[in-house]
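Engineer: Below you will find the structure I want to go over with you.
The values are calculated or read from the model by the stated rules, or taken from the named source; none is laboratory data. All values reported here derive from a predicted model rather than from experimental measurement. No Cβ is skipped: glycine too gets one built from the backbone with ideal geometry, and neighbour counts run over all protein chains shown.
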Amino acid sequence: MTGPKKLRLILGDQLHSGHSWYQKTDSSCLYVMMEIRSETDYVRHHIQKVLGFFAAMRRFAAGLENQGHVLYYLKLDNPENLQSFDANLRSILEKFPSIQEWEYQEPDEYRLDVLLKEFSASAGILCRVCDSEHFYTSRNSLREMFGDKVPRMEFFYRNLRKKHNIMMDGSEPLNGRWNYDADNRKKIPSSVSIPKPLLFSNNLSDLKSVLDGEEISTLGNVNADEFSWPIDREQALKLLDFFIQNLLPLFGTYEDAMSLRSWSLFHSRLSFALNLKMLHPDEVLQAAIRAMDERPEEISCNQLEGFVRQILGWREFVRGIYWREMPGYTEKNFLNHNRSLPDWFWTGNTRMNCMKNSINQTMEHAYAHHIQRLMVIGNFSLLAGLHPDEVDQWYLGVYIDAIEWVEMPNTRGMSQFADGGLIASKPYVSSAAYIDKMSDYCGSCFYSSKEKTGKKACPFNSLYWHFFDRHQDKLKRNPRIGMAYQVWEKMDAEKRQAILQQAEIYLNQLDSL
Ligand SMILES: Cc1cc2nc3c(=O)[nH]c(=O)nc-3n(C[C@H](O)[C@H](O)[C@H](O)COP(=O)(O)OP(=O)(O)OC[C@H]3O[C@@H](n4cnc5c(N)ncnc54)[C@H](O)[C@@H]3O)c2cc1C
Ligand code: SF4
């Protein structure tokens, strides 16, 4: 009997059933997938993230086997599992000496890129690296478009709209406008009803027992009998359809809103399915574009453009930043922030209603939407001067969609300004006024959104001015921030002093906020 001749490695976030690898079956090709400790342990992940990845990998493997592909799947508790890519690959090559070549798809994480290159160099067989056939752009897209200059998302995004003919009318944007930000981003009035999110009911209790048995350290909550995230392409397509039917009509209008009434509002919750490549970004965008063509009275241009901007613009742009800036990006700390995360980041046990709700829903669902991540949790972290390494680790662990290539530029760059303005041209910070404008959090908060000093003063207010005051040397010359410094300098000296003192009190007792 002859053994396999070729090995193809499939990583846990490469569940792309439309990839050209799978167009033909070949009994001499052995597909390898593995659940390993090096992936469960590089950061403490949310339990839903670990369950979601492994469950989706198992479904994907079963699908390939049904199509006639040959699989070698190492489960976490398989005694033959040596728990790292390198050790497992070596042992598989020993077990199947007939293998003469191996292939892998470009990984999206830098650490895996290095690891697989190192393995290739020492494996002693032919190696071929393939495209993952998932993104619109290549890893080098920013370098090609901007060279060493500071990249700008708007320019990048417009280029991609033209190149891929998305929402275009010849060489002009559809309806003559590139950007609908001014029409979008409204607070949700109580009269607007918010659809309940589509949740699946996957029974993952057996998988959960395996994780418990192997003593994988995780965080957050789960009902493993009714796991709610999509774990295969069929479910991912249902979630996409649900979004298109029910949420897209108001997506843009309320994309920046926050509400105690709903944890996901009009957001798609597609990031997990997209990042594992169960969905292709182009099929998602084409479905949204088709929906606007078919239901123009229901889905206006601003809703669609808001969505296209996130997927074609931001998602591809942050990936470009990651690959242009790695490996140095992991160490960026432009503002030299060094405070530790307060304990309540893990429990939600704080009197700040916005933080409490955003953290609680994160622990409950492994999800918070963009504005909660950016303008509540990220905003507080930046104002309080938390160390970007710790903030990064937190975000990488807690969200179901968190994979370093997309998590790190968003966290370290966009939200913590640790890259000094590569992604964001100014720090995303605000006082309570913004949170109050965009949410219903402040009304029932222990703190008062209007007060800057005193026991009930909202911490965001004094920390906001403390942030600008302490970073004058680095920020004052930024033309986009000049206004804040003018307001600060016009305030009388006594008031400024009182605000700074209040901020110091809060900074000295972050744990008891
Ligand atoms: C501090 C911080 C950390 C983040 N960490 C992650 C992360 O680990 N993984 C992740 O996928 N996204 C991350 N984001 C981006 C964004 O918040 C999530 O993609 C989004 O909240 C996912 O929910 P959704 O699918 O409902 O998105 P929707 O609001 O429905 O948006 C549609 C899609 O657009 C894409 N998208 C939107 N904004 C961004 C963005 N800024 N960067 C990349 N893609 C975007 C996502 O694929 C998303 O599914 C982070 C943002 C911030 C501010
Ligand atoms: S008052 Fe301040 S802490 Fe409370 S919800 Fe509003 S912004 Fe958050």
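Engineer: If you check E234 against the conditions, is it without any contact (Cβ under 8 Å) to a residue 40 or more places away in the chain and assigned to a helix (DSSP H, G or I)?
Structural biologist: yes
Engineer: Sticking with this one: When you go through L276, L304 one by one, which is the residue that is modelled with pLDDT of 95 or more, surrounded by 22 or more Cβ atoms within 10 Å (Cβ to Cβ), more than 11 Å from G252 (Cβ to Cβ) and in contact with a helix residue (DSSP H, G or I) (Cβ under 9 Å, 6 or more places away or on another chain)?
Structural biologist: L276
Engineer: Can you name every residue in the stretch 160-192 that is aromatic (F, W, Y) and either under 30 Å from C442 (Cβ atoms) or not in a loop (DSSP other than H, G, I, E, B) (or both)?
Structural biologist: Y180, the sole residue that qualifies.
Engineer: Which one is nearest to ligand 2 (Cβ to nearest atom) among residues in the stretch 354-371 that are surrounded by fewer than 22 Cβ atoms within 10 Å (Cβ to Cβ) and touching a residue at least 40 places away in the same chain (Cβ under 8 Å)?
Structural biologist: This residue is Q361.
Engineer: In this structure, is R128 outside any helix (DSSP H, G or I) and among the charged types (D, E, K, R)?
Structural biologist: Yes; evaluated as a whole, the condition is true for this residue.
Engineer: Just need a number here: residues in the stretch 75-109 that are among the polar types (S, T, N, Q) and either without any contact (Cβ under 8 Å) to a residue 12 or more places away in the chain or crowded, with 19+ Cβ neighbours inside 10 Å (or both).
Structural biologist: 4
Engineer: Identify, please: which residue in the stretch 448-469 is part of a loop (DSSP other than H, G, I, E, B) and of a type in the set (S, T, N, Q) and is, among those, nearest to ligand 1 (Cβ to nearest atom)?
Structural biologist: So the residue we want is S449.
Engineer: Evaluate the following for T362: is it hydroxyl-bearing (S, T, Y), at pLDDT 95 or above and under 15 Å from the mean Cα position of the chain (by Cα)?
Structural biologist: yes
Engineer: Follow-up question, since we're still on this one. How do the pairs read when you match residues in the stretch 490-513 that are among the charged types (D, E, K, R) with residues anywhere that are assigned to a loop (DSSP other than H, G, I, E, B) and surrounded by 12 or more Cβ atoms within 10 Å (Cβ to Cβ), using Cβ under 8 Å and keeping only pairs 6 or more apart or on different chains?
Structural biologist: D511/P342; D511/D343
Engineer: Separate question: Restricting the stretch 418-447 to residues that are part of a helix (DSSP H, G or I) and within 16 Å of ligand 1 (Cβ to nearest atom), which is nearest to K476 (Cα to Cα)?
Structural biologist: Y434
Engineer: Another question, then. Can you tell me which residues in the stretch 311-320 are in contact (Cβ under 8 Å) with a residue 40 or more places away in the chain and either closer than 19 Å to G176 by Cα or within 10 Å of ligand 1 (Cβ to nearest atom) (or both)?
Structural biologist: The answer is L312, G313, W314, R315, E316, F317, V318, R319.
Engineer: Picking from W394, W405, which residue would you name as being part of a helix (DSSP H, G or I) and within 11 Å of the chain's Cα centre (by Cα)?
Structural biologist: Residue meeting the stated conditions: W405.
Engineer: Let me ask something else. When you check S358 against the structure, is it over 27 Å from Y42 (Cα atoms) and among the hydroxyl-bearing types (S, T, Y), yes or no?
Structural biologist: It is false that S358 is over 27 Å from Y42 (Cα atoms) and among the hydroxyl-bearing types (S, T, Y).
Engineer: Sticking with this structure for a sec: So in the stretch 340-359, with the set limited to residues that are within 16 Å of ligand 1 (Cβ to nearest atom) and over 16 Å from the mean Cα position of the chain (by Cα), which one is farthest from L463 (Cα to Cα)?
Structural biologist: Across the stretch 340-359, the extreme among qualifying residues is N357.
Engineer: One residue is enough: does the stretch 373-384 have a residue meeting the conditions among the aliphatic types (A, V, I, L, M), under 24 Å from D436 (Cβ atoms), within 16 Å of ligand 2 (Cβ to nearest atom) and touching a strand residue (DSSP E or B) at 6+ places or on another chain (Cβ under 7 Å)?
Structural biologist: yes
Engineer: Out of the residues in the stretch 295-326 that are in a helix (DSSP H, G or I) and among the polar types (S, T, N, Q), which is farthest from the chain's Cα centre (by Cα)?
Structural biologist: N302
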